[in-house]
Structure formats: C-alpha cells, structure tokens
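Undergrad: Questions regarding the structure given below will be posed in turn.
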Amino acid sequence: MIEANQREAETEDVAPAESRPRRMLNETQVLEIIPVGRTTLYRMEKSGRFPKSTYISPNRRVWFEDEIIAWQNAVDEFDPRRGRGKARRGRAAVPGGHDSNTR
C-alpha cells in the first residue's frame with residue numbers, strides 16, 4: 001500500500017508539469033532576464049546562439065521560458081576557450097603602443 005501511494009505521488013508530480021502550458025515571454029520580458037541589448041538578442045538568435053522566437057500573430061513574437069532556462073544552464077557551463085568579441089580577435093600589439101590608424 002505504501003508503494004502504491006508512492007507511485008501515485010510520483011505520477012502526480014510528473015503529470016501536471018507535462019500537461020501544463022509552456023510560459024511565453026515577450027521581448028521586454030526576455031530583455032529583463034538576459035543582460036544584452038535588443039540588437040544583440042536578435043543577432044544571437046539569428047546565429048543560433050540563442051533560442052528561436054515564435055510568432056503567435058503577424059506582429060507578436062514570443063520566446064518559450066523553458067528554452068531560455070535551458071540556454072542559461074548551457075551558458076552557465078563556463079568554457080575558458082570560448083571566443084570573444086570581434087574587437088579582441090586577432091589584434092596584434094603594435095610596437096610603441098600606437099594603433100596603426102593613428103599618426
């Protein structure tokens with residue numbers, strides 16, 4: 001009888017989560033969670049580094065909260081060899097400390 005009650009408790013914990021609707025976040029809500037600007041958000045989405053949004057009407061774009069949480073967990077795993085911004089990529093030090101564009 002204890003085992004039956006335990007099984008029922010396990011199925012009750014699992015079933016509501018699966019049948020519950022996914023929470024949708026609009027752009028403003030996503031930008032409150034993710035510390036980037038609007039343009040950066042769209043660039044990350046376009047390059048595949050952020051979850052894709054979904055249009056629920058012609059002018060209404062949303063992201064699913066569970067996908068953003070999964071993305072945050074993946075980003076949380078720090079990789080010391082990850083790439084950095086374009087400005088830091090391949091820039092060689094110029095003797096004398098001057099940039100090649102300065103006179």
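Undergrad: What is the calculated FRET efficiency for GLU27 to ARG81, with r their C-beta to C-beta distance and R₀ = 22 Å, to the nearest 0.05?
TA: 0.10
Undergrad: Only four residue types carry charge here, +1 at the Cβ of Lys and Arg and -1 at the Cβ of Asp and Glu. Report the dipole size of the range 22-77 about the Cα centre in Debye, rounded to the nearest 20.
TA: Using Cβ point charges on Lys, Arg, Asp and Glu, the range 22-77 gives about 360 debye.
Undergrad: Another question about this same structure. When the Kirkwood hydrodynamic radius is evaluated over all pairs of different C-alpha atoms of the range 22-77, what value in angstrom, to one decimal, is obtained?
TA: 11.5
Every number in this text was worked out from the coordinates using simple rules, so none of it is lab data. The shown structure was predicted, so the numbers you read here are calculated from the model rather than taken from an experiment. Reconstructed Cβ throughout: ideal geometry from the backbone, glycine too, with neighbour counts over all protein chains shown.
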